[in-house]
Amino acid sequence: MKALDQKAIRRFAMENAIYIVLVLLVLGIAFQNPAFLSLNNLRNVLIQSSTRVIIALGVGGILITMGTDLSAGRQVGLAAVVSASLMQTLEYSRRFYPDLPLIPLAVPIILCLLIGIVLGFFNGVIVSKLNVPPFIATLGTMVIIYGINSIYFATEPNNSQPIGGLRPDFTTLGTGAITAMDGQISIPYIVLIALAVAILVWILFNKTTMGKSIYAIGGNPQAAKVSGINVTSTLIFVYSFAGALYGLAGLLEAARTGGATNNYGNMYELDAIAAAVVGGVSVSGGIGNVPGIVAGVLIFTVINYGLTFIGVNPYWQQIVKGLIIVFAVAFDLAKYYVKK
């Protein structure tokens with residue numbers, strides 16, 4: 001009986017390791033400074049995590065198919081610059097488009113989604129049609145997209161100046177909130193958007209034929225092909241869908257920070273990949289879920305925000321993050337080899 005209990009505890013710990021680590025991190029920081037558990041701090045953690053969650057959900061779907069996407073961060077940066085360039089106030093002295101009238105908020109939203117879909121489609125075609133390894137394919141598009149963004153950012157009259165003076169209706173997406181109970185509870189719009197995206201991705205992964213195809217390809221591409229799954233179209237969809245999420249994240253990042261430069265999104269893809277892997281997305285493909293990816297993002301946000309809150313040297317933060325990534329991958333590979 002005792003052996004069965006130990007086995008059950010071990011299984012529970014393995015299946016829920018990511019959530020246990022997250023709770024222990026929060027409790028450890030709160031032990032050093034109980035003020036960390038204030039509603040304002042927890043709200044800040046959620047706000048900082050929101051765009052990262054959206055990016056990681058896009059990357060996570062690609063990782064499940066045994067792919068990767070190194071262009072994610074640059075796609076975020078392009079969407080941030082494009083949306084910011086269209087959403088400046090008429091009174092701002094250094095407008096990107098001096099003669100552009102006020103346009104509806106829906107225009108940059110739709111445009112950023114379309115830009116992401118086109119770039120993702122391009123990645124998907126290179127990977128699925130030309131059979132270029134995802135690492136190399138998206139490394140190439142990462143450089144291309146940064147070049148396109150830098151050229152756009154440097155056009156007259158902007159000349160590579162940081163884009164500012166954004167309209168309040170736009171920045172509200174990143175800084176506004178729904179208040180309840182006479183202002184005692186405040187739920188940021190950006191958190192609600194991230195939650196809606198997470199629910200949408202969960203439905204895609206768990207309740208659709210496309211989701212089953214994504215997991216099947218990650219488990220065994222050849223078997224998936226034999227079973228009648230169109231591997232090419234599925235991969236193109238996964239990269240295109242991820243691109244749409246990057247476009248949305250870039251727009252929200254510009255709205256949250258109130259500006260944009262061509263360096264926005266730099267290295268975001270590595271954080272997203274790390275968060276997805278730490279959150280249980282297998283490096284061997286075919287395994288991963290939305291709650292785990294969200295928890296992975298929260299872990300890294302807690303490390304960045306929480307350790308800064310208690311005064312830990314930023315360099316130690318990098319060491320902690322690196323150790324978590326290494327042990328998460330080692331843990332994942334260990335489970336993979338045990339199953340084999």
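The values are calculated or read from the model by the stated rules, or taken from the named source; none is laboratory data. In this text the structure is predicted, and so the values were computed from the model without any measurement. We place every Cβ from the backbone using ideal geometry, glycine too, and count neighbours over all the protein chains shown. The protein model used for the area step is the full one, side chains on, heavy atoms only, and it has no ligands, DNA or RNA in it. Shrake-Rupley method; radii C 1.70, N 1.55, O 1.52, S 1.80 Å.
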Residues whose placed amide H lies under 5 Å from that of ALA177, excluding near-sequence neighbours: TYR189
For segment 1-92, the Cα convex hull volume per residue in Å³ comes to 174 Å³
Residues meeting the amide H criterion for ALA260 (H placed from the backbone, H to H distance under 5 Å, 5 or more places apart or on another chain) are ILE163
Taking only the alpha carbons of segment 197-270, what extent do you get along each of the three principal axes, in Å, biggest first? 49, 23, 18
With r defined as the distance between the Cβ atoms of SER227 and LEU24 and R0 fixed at 51 Å, what FRET efficiency is calculated, to the nearest 0.05? 0.80
Explain nothing, just the number: relative contact order of segment 133-213, from Cα pairs under 8 Å at least 6 residues apart, as a whole percent. 13 percent
In nm, to one decimal, how far is the modelled label at LEU270 from the one at LEU139, with both set 7 Å along Cα→Cβ? 1.4 nm
Which order do peptides 89-98, 169-178 fall in by mean Cβ count within 10 Å, highest first? 169-178, 89-98
Counting only protein heavy atoms, what percent of the accessible surface of segment 16-62 is carbon or sulfur at a 1.4 Å probe? 72 percent
Mean separation of Cα contacts under 8 Å (at least 6 apart) over the residue count of segment 115-250, i.e. the relative contact order in percent, is 44 percent
For VAL132, placing the label point 7 angstrom along Cα-to-beta-carbon and taking segment 230-253, residues whose amide nitrogen sits under 16 Å are 236, 239-240
Beyond 17 Å, what share of the Cα-Cα pairs of segment 61-156 remains, rounded to the nearest whole percent? 56 percent
Relative contact order for the chain, counting Cα pairs under 8 Å that sit 6 or more residues apart, in percent: 33 percent
Restricting to DSSP H runs of at least four residues, report the calculated mean residue ellipticity at 222 nm for the chain, -39500 (n - 2.57) per run over all residues, nearest 500 deg cm²/dmol. -23000 deg cm²/dmol
I want to check the label-to-label distance for LEU114 and THR175. Put each point 7 Å from Cα in the C-beta direction and report it in nm to one decimal. 2.9 nm
Convex hull volume of the chain per residue (C-alpha atoms, cubic angstrom): 172 Å³
